[in-house]
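The structure appears right after this line, and notes come after that.
The values are calculated or read from the model by the stated rules, or taken from the named source; none is laboratory data. If you're wondering where the values come from, they're calculated on a predicted model, not measured in any experiment. Ideal geometry is used to build each Cβ from the backbone, glycine not excepted, and the neighbour counts take in all protein chains shown.
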Amino acid sequence: MAFICQMCGECCSSMGEVIGIKEETGHLQYRIFYKITGEERIVSVDPDKQELFCSRDITKIRPMACPFLRETEQGTVICTVHLTRPDLCRQYSCFRVLILDLQGRRIGRVVAGTRYFITTDKKLRTLWESAVEGVAEPDDGKWEDFVEQVCTSRGYRVIR
């Protein structure tokens with residue numbers, strides 16, 4: 001199944017730890033840098049997202065978010081420099097397994113290309129540690145099937 005972005009913003013909610021703005025180089029054009037390597041590049045706010053970029057700050061609800069991430073009035077979260085986004089962002093694939101609670105909220109995910117699990121939900125963390133963590137299934141497809149079975153049997157919804 002092809003990846004379809006859920007526009008949840010989870011991918012970039014901690015990218016403020018990785019990407020910083022060094023300076024504004026022109027109207028809505030910025031020199032950014034990778035905080036780890038110091039590498040720099042220029043990005044520009046997409047023409048159709050300029051008003052959103054200038055009018056809505058996401059850092060109040062997501063303090064470690066990428067400085068270019070914004071939440072729309074409809075509640076979706078988007079990148080305002082999508083057209084000129086860095087290679088790091090272009091290579092990112094959000095998740096291989098996304099876990100939703102009974103209300104459909106995203107509460108856990110397995111990072112794409114890994115078996116690394118992320119959640120802040122204590123109940124889901126406990127389930128993961130007791131039933132999934134350490135399972136030695138070498139086949140990725142079977143491992144994902146197993147994760148889905150464990151989670152859905154406890155009432156969670158799984159998207160792969």
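Look at the range 20-41 and say how many of its residues are in contact with a strand residue (DSSP E or B) (Cβ under 7 Å, 6 or more places away or on another chain), hydrophobic (A, V, I, L, M, F, W, C) and exposed (fewer than 15 other Cβ atoms within 10 Å of the Cβ). Reasoning before the result, please.
Applying the first criterion (in contact with a strand residue (DSSP E or B) (Cβ under 7 Å, 6 or more places away or on another chain)) to the range 20-41 yields 20-25, 28-35, 39-41.
Checking the rest, the ones that are also hydrophobic (A, V, I, L, M, F, W, C) come to 21, 28, 32-33.
Within this subset, residues satisfying the condition of being exposed (fewer than 15 other Cβ atoms within 10 Å of the Cβ) are 21.
Final tally of qualifying residues: 1.
I'd like the residue in the range 30-56 that is among the polar types (S, T, N, Q) and closer than 24 Å to E73 by Cβ and, out of all such residues, is modelled with the lowest pLDDT.
Here the answer is S55.
Conditions tested, residue by residue: (1) surrounded by 12 or more Cβ atoms within 10 Å (Cβ to Cβ); (2) within 19 Å of E24 (Cα to Cα); (3) not polar (S, T, N, Q).
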position	(1), (2), (3)
L52	yes, yes, yes
T72	yes, no, no
P86	yes, yes, yes
L102	no, no, yes
R109	yes, no, yes
Y116	no, no, yes
T119	yes, no, no
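Among the strands (runs of 3 or more DSSP E) contained in the range 1-104, which hold 1 or more residues that are free of Cβ contacts under 8 Å to residues at least 40 places away in the same chain? Step through it out loud before you land on a result.
Numbers: elements: 19-26, 29-34, 40-44, 69-71, 77-79, 97-100.
The strands (runs of 3 or more DSSP E) meeting that bar are 19-26, 29-34, 40-44, 69-71.
List pairs: first in the range 110-128 and in contact (Cβ under 8 Å) with a residue 40 or more places away in the chain and under 18 Å from D139 (Cα atoms), second of a type in the set (S, T, Y) and part of a helix (DSSP H, G or I), Cβ under 9 Å, 6+ apart or cross-chain?
Between residues of the range 110-128 that are in contact (Cβ under 8 Å) with a residue 40 or more places away in the chain and under 18 Å from D139 (Cα atoms) and residues that are of a type in the set (S, T, Y) and part of a helix (DSSP H, G or I), there is no close pair.
Mind listing whichever residues of the range 5-19 are over 12 Å from P86 (Cβ atoms) and either at pLDDT 95 or above or touching a strand residue (DSSP E or B) at 6+ places or on another chain (Cβ under 8 Å) (or both)? Show your work before the answer.
Quick first cut of the range 5-19, residues over 12 Å from P86 (Cβ atoms) only: 5-11, 13-14, 16-17.
Matches in the range 5-19: Q6, M7, C8, G9, E10, S13.
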